[in-house]
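A short worksheet on the structure shown next.
The values are calculated or read from the model by the stated rules, or taken from the named source; none is laboratory data. Owing to the predicted nature of the structure, the values given are computational and were not obtained by experimental measurement. Here the Cβ positions follow ideal geometry from the backbone for every residue, glycine too, while neighbour counts run over all protein chains shown.
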Amino acid sequence: MTTSSAPGKVYLFGEHAVVYGEPAVPCAIGRRARVTVEARDDARLRVDSKDLTLDGFTVTYGEAAGTEVNVPQSLVEAATGYVDEAVAQARDAADAPDAGFNVTIESEIPLGAGLGSSAAVVVAGIDAATRELGVELPPEELADRAYQVERDVQDGQASRADTFCSAMGGAVRVEGDDCRRIEAPELPFVVGYDGGAGDTGKLVAGVREIREQYGFAADTVEAIGDIVRHGERILAKGDLDELGRLMNFNHGLLSALGVSSRSLDTMVWAARDAGARGAKLTGAGGGGCIVALDESDGARTALDYTPGCEQAFRAELDTEGVRVE
Ligand code: PMV
């Protein structure tokens, strides 16, 4: 039996603009998905998860297996798509096409909220399954295989940001296919979650439309890229005040591009009013999470009392990527 874990992530800067070739800086956070894998002596898969979808499910599937499920098939298919493809990658990497597994998933990362929950499950899953088969993959290969899983499950709509960040840990820089770790100081992130999620495809399409329609919207996307390039230098210097100002600027530009929401703006302002150095939405937007930079308890406490904020938690930069538990 092998257990691996991998972190979720927030975007310090650059979501949406990254779709148009600008750089982005996602950061791994101290909230993890843990995947336990046990080899079976048949080719089947059994997946247990309390956190993967609505109220938890157990499903056994694979070669000629009957399914035992208590949630709608479409949800099971969506959730098990990631696990299926992760297992396919592990079988391929270990050259063991008939390997079967019992898989147990536990996650501390809210689902579909821009915190990279699926990437963390896939990275940890491939790591645990390959190790269970006696193969140890370097994190770069894990990141690449996990990216292929996300791309396949999400119909080609995945960037490398989540999977690379989850595999490597720390702050990373992503520009097209070029992904690397970058230096960063300790970053005291606080996350506010409105309990919802935006429709990533729709939000990305909305930005694409106004970017094509208005020159100033295209300039806005480029300006986000400029913030990222400036932000990288500030990150290396460790100037948290300036990082906060840049996060605020980045949020304003995302808002101008139409991807914020009332609840995200409310949480952003609650964190700023409580003394955070900066705050912005993270991920696709439309709903989901904000990230604030605050080493005091002010922002988290304020978010706890903010109507519309369902959950607030501290989630500092985690320099460790995927690891064996
Ligand atoms: O919400 P997330 O974590 O899946 O992030 C989406 C980030 C976008 O830049 C909006 C889209 C993308 O694929 O990069």
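Restricted to the stretch 215-285, the set of helices (runs of 4 or more DSSP H) holding at least 1 residues that are out of contact with any strand residue (DSSP E or B) (no Cβ under 9 Å at 6 or more places or on another chain) and more than 24 Å from residue 301 (Cα to Cα) comprises 215-237, 240-256.
Looking at (1) within 13 Å of the ligand (Cβ to nearest atom); (2) closer than 21 Å to residue 261 by Cα, which one does residue 189 not meet, given that it meets all the others? Only one criterion is unmet by residue 189, namely (1). When the stretch 266-290 is filtered for residues that are touching a helix residue (DSSP H, G or I) at 6+ places or on another chain (Cβ under 6 Å), away from the ligand (no atom under 16 Å from the Cβ) and among the charged types (D, E, K, R), only 277 remains. Inside the stretch 71-98, residues that are modelled with pLDDT of 65 or more and β-branched (Val, Ile, Thr) make up a count of 3.
Candidates 176, 112: the one that is at pLDDT below 95 and in contact with a Gly (Cβ under 7 Å, 6 or more places away or on another chain) is 176.
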